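Trainee: Just passing along the structure, written as structure tokens.
The values are calculated or read from the model by the stated rules, or taken from the named source; none is laboratory data. Being a predicted model, the structure only gives us computed values, none of them experimental. Heads up, the Cβs are rebuilt from the backbone with ideal geometry, glycines too, and the neighbour counts pull from every protein chain shown. Just so you know, the surface numbers come from the protein's heavy atoms only, side chains and all, with ligands and any DNA or RNA stripped out. Shrake-Rupley method; radii C 1.70, N 1.55, O 1.52, S 1.80 Å.
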Amino acid sequence: MAGSLMRRAAVRTTSGLAVMIAFGTALSTAFLLALPTSTAAAHSAAGVIKTDAVELTLRPGGVVHVKETVTYEGGAPARTFVTRTRYDDANDRLYTISGLKGDGRLAGDTITVTGGPSGTATLEYDVKGVITPIGGGEELRWHAAGGWSARVEQATVKVAGSAQIQNLSCVAGPLASALPCTAASMDHTGATGDFEQQGLGSGETLTVIMGYLKGTSGGTPILERRFELSNAFTVNAVTGGALAGLLVVLLGGVGLLYWTRGRDARVVGHESGALDPLRDGHFTPPDGVRPGQVGTLLDEQADVIDVTASIVDLAVRGYLRIDEQPRQTYDAPDWMLVKLPDAPVSSLLPYERALYDAIFDGRDAVRLSDLHGSFAAGLAGVRDALYSDVVTQGWFARRPDGVRTRWTIAGAALTVAGVLATVALAWFTTYGLLGLAVIIAGAALAMGGQYMPAKTAKGAAALAHTLGFREYLAAGDLDRVPPDKRVEVFSRYLPYAVVFDNVDRWARVVASVNGNGHPADNLYWYHGPAEWDLSKFAGSMRTFTTTTSGAISAARQFRSL
């Protein structure tokens, strides 16, 4: 029949071609010639399956042994099995094909007939996973026939076994079809079922359903958990309780680490309170803490403002002089840092000497605007020396930056482990939430690592005294300072005021006196340009500290506040 159809199509094509040539319409001729030719080729490639006869035998363990005989024309067909369906909200159901014998080859879920363009193929194989326990019995459901790459004219299925059939039915057509098959019946023994379907399209199937008594085969579905985010992170009493418990344990562990390793040593109550730094009219910094050390002692961080205060402190203590440069109306302010001769640089602390060398770098004077290049590179050494200094002073048992780095790395590693655990738990179980607890704990540890540097008892006492000095500066009790000492003492206060963000007030205090208690044009450590006097010092000092902090920030070696 198919051959006669193709011959008619060829005749029509030839006639059409002759007519079109007669009329001279070459383009229309080519189109009409190509259309039936390609259609004929498609029919030839697809072919047709005359009969698809299947025999199923139910064996113990739920295994179904299959013998299938296919007669076909027009090209060797291929059958694609349904090997995976949705079982429930969490699982897929699998069907496995194995042990293929006969005239075909199995690749994945497809059997391809190995015969010629026409003939008969006999296939034999086993199917597992088709039995489902239901209520007081079990059900065999399988797409027994069809699924071929070609149209099937007639499909038959015979299901044989020693057990009695309790009920049977069938559907045919596309996989989602609910239409019954052409015929379904059982023999007089009640142990064999017969099914038939006339005409199945390419890919359509004949599905047989048979009910048996419980335990007939003992088969069960083959299930595979399906990955879905809604399943992976299921929230119920078990997962929610486990998450809460794990969070308590992990975050409690982080808190315990801070309590035992990251907490400053306790100091007695009398260590706190406002602290007067004057001894016999001279300034004596509490515990010898210098302005550059204050910031690191306060928050375990080497900050930009610490270096700015150190530069002012070096000037106040006689190691350099700050000369404000004259400028026109629209010029940016600038200062010259001048090295003072015979300054006892050997008495500087390592971090101060590193800063002093970074500023001058073999020169006797440098503009603040020119502090780049070697100065920026030298600041790394200043920061390193500053962290080492607080350990040398006995205020910390270990360098604060090293402690932060170690705990931060530990937290990051725990976070990565939590991510991997979450992926694994979500992929294989429904307990993905437990991995989130590890991620949260890792993040808490990484962030908490910033607070892990702990001061020793000596460091905690020095901090208490420094805070007391800050209270004293904030109160501003000036009367106890002898008039002839005020310029020196108030100048010594000023670098600490820079750190404590009180520079405006103390710059005005410094500007209000000189060695005799009267106004003056310059300080011994700060010189202004012509027609400048100390009434402008507070504004100049505020701008100097801001500009200096900007120059240090550009080096990106210190934390900016």
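Trainee: Residue by residue through the range 122-128, what is 3J(HN,Hα) from phi via Karplus (6.51 cos²θ - 1.76 cosθ + 1.60, θ = phi - 60°)? Round to whole Hz and write x for glycine and proline.
Mentor: Couplings: 10, 10, 9, 6, 10, 10, 10 Hz.
Trainee: Of the listed peptides 318-327, 457-466, what is their order by residue-averaged count of other C-beta atoms within 10 Å, with the highest listed first?
Mentor: Per-residue Cβ counts within 10 Å, averaged per peptide and sorted highest first, yield 457-466, 318-327.
Trainee: Step by step: find N for the chain, compute 2.2 N^0.38 Å, then divide the Cα radius of gyration by it. What's the final number?
Mentor: In units of the 2.2 N^0.38 Å rule of thumb, it is 1.87.
Trainee: At a temperature of 10 °C and a viscosity of 1.306 mPa s, determine how fast the range 386-483 diffuses translationally according to Stokes-Einstein, using the Kirkwood radius over alpha-carbon pairs as Rh; express D in µm²/s, rounded to the nearest whole number. Could the numbers behind the result be given before it?
Mentor: Numbers: Rh = 16.7 Å.
Result for D is 95 µm²/s.
Trainee: Which of Lys339/Lys536; Lys101/Lys214; Lys50/Lys158; Lys339/Lys485 have a Cα-Cα distance over 27 Å?
Mentor: Distance filter (> 27 Å) returns Lys101/Lys214.
Trainee: In square nanometres, what is the average projected area of the Cα convex hull of the range 308-367?
Mentor: Taking a quarter of the hull surface, the average projection is 4.5 nm².
Trainee: Determine the per residue accessible area of the range 362-496 with all protein chains present and a 1.4 angstrom probe, expressed in square angstrom.
Mentor: Accessible area per residue: 44 Å².
Trainee: Amide H of Ala365: which non-local residues (sequence gap of 5 or more, or other chain) have their own amide H closer than 5 Å, using H built in the peptide plane?
Mentor: Hits under the 5 Å cutoff: Lys339.
Trainee: Just to be sure I understand: of the beta bridges DSSP finds with both ends in the chain, what percent are antiparallel, rounded to 5?
Mentor: So the antiparallel bridges in the chain amount to around 85 percent.
Trainee: Any idea of the accessible area per residue across the range 86-205, 1.4 Å probe, to the nearest Å²?
Mentor: In whole numbers, the range 86-205 has 47 Å² accessible per residue.
Trainee: While we're looking at this one, here's another question. Could you go through the range 197-205 in sequence order and give the Karplus-derived ³J(HN,Hα) for each residue, using 6.51 cos²θ - 1.76 cosθ + 1.60 with θ = phi - 60°, rounded to whole Hz, and x for Gly and Pro?
Mentor: Those phi angles translate into 9, 8, x, 10, x, 4, x, 7, 10 Hz.
Trainee: Pull up the cross-link candidates among the aspartates and glutamates for Lys67, meaning alpha carbon to alpha carbon under 20 Å and not fewer than 8 places away within one chain.
Mentor: Here the aspartates and glutamates satisfying the reach criterion relative to Lys67 are Asp52, Glu55, Asp103, Asp109, Glu124, Asp126, Glu153, Asp187, Asp194, Glu196, Glu204.
Trainee: When Lys and Arg each count +1 and Asp and Glu each count -1, what net charge do the other residues less than 12 Å away from Gln154, Cβ to Cβ, add up to?
Mentor: -1
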